[in-house]
Amino acid sequence: MNDTTPFLMTYSEAGAGTPILFVHGYPLSSKLWEPQLLHLQSDARVIAPDLRGHGQSAHPPGPFSMEQMADDCAALLKHLKIQEKVILCGLSMGGYVNFAFYRKFHDQIAGMILTATRAAADTDLARKNRETAIESVKNEGIDSVLDAMLSKLLSPQNYRSNEALSSQVNAIMRGAVTKDTIVSDQLALMNRTNSLPFLDQINVPVLIIHGSDDQIVPVQEAQMMHSSIPASQLVILPQAGHLPNLEQPDHFNSAVRKFINKIGKEI
Ligand code: MLT
């Protein structure tokens, strides 16, 4: 199902039971989560929004921030009249949104799944690279940025040998963002809060899922989060890059299903 909230945020939804909100990364949309919507709807109420400016959602004036995107997710839960606690699952930038959501609305969270993400803020070099990406998208259009991104999103092996997956990811990106989205996202990404200092205060169960061959967020970031977040569990998926939910959907879904069942018993 696809619907629009009063604030023009589109989302897909399926299933019933414990609500689980899947928050996509950059430069993607809710379409990232198709294997989860399809295969986890018998286990939970799965909801995947298009963040502001992405997919079919409206693009309010930028720059964006992780806090605004967290507010949008909270507004969506309200629109859906969800009063019970939810599981939040965020991939990469979606993970940064999870951290912002946790800081603002932690009473609403039953558990978090952090995938292909990191807690640290950008380094100076990362900020410089984002400024270059903004210039490049302004001067040359979105192709230069998206072409470079595609080869990094998948593991080197999947990029080389899985043509169907590469085309799928390419299509998702091209339907997900405009020039304005890329600029607004890059500004939000470079200005995001450092979440390292509060990792040891997270007091809900956390599942960390990371691809062993992630070229954007090295697996060491996941290991570090695992060592700092008290009730956390780490699953490293081999032969997966920055999109483990698409590159290893069965293993990813099975880890999430176990986590949902564990949380379902606790709430
Ligand atoms: C993402 O996948 O959401 C981004 O690559 C995150 C980032 O650039 O830090």
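Summary of values
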read-out: Per-q log10 I(q)/I(0), the range 2-266, q = 0.08, 0.09 Å⁻¹ (Debye; single scatterer per alpha-carbon; no solvent); value: -0.27, -0.35
read-out: Integer Hz, Karplus 6.51/-1.76/1.60 couplings in order for the range 196-208, x for Gly and Pro; value: 4, x, 10, 4, 6, 9, 5, 10, 10, x, 10, 10, 10
read-out: Which of Ser42, Ser92, Ser228 is most accessible, then next, and so on - probe 1.4 Å; value: Ser42, Ser228, Ser92
read-out: Heavy-atom accessible area per residue - the chain, 1.4 Å, Å²; value: 42 Å²
read-out: Paired Rg and Dmax values of the range 81-201, which use every Cα atom, in angstrom; value: 16.5, 46
read-out: Value at 222 nm in deg cm²/dmol, rounded to 500, when DSSP H runs of n ≥ 4 in the chain each add -39,500 (n - 2.57); value: -14500 deg cm²/dmol
read-out: For Met224, solvent-accessible area (1.4 Å; no DNA, RNA or ligand), Å²; value: 60 Å²
read-out: Cα shape, the range 23-118, gyration tensor, a/c 1.5 rule; value: rounded
read-out: Computed accessible area, Ser30, all protein chains, 1.4 angstrom probe, square angstrom; value: 10 Å²
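The values are calculated or read from the model by the stated rules, or taken from the named source; none is laboratory data. Being a predicted model, the structure only gives us computed values, none of them experimental. Please note that ligands, DNA and RNA were not included when accessible areas were found on the heavy atoms of the full protein model with its side chains. Shrake-Rupley method; radii C 1.70, N 1.55, O 1.52, S 1.80 Å.
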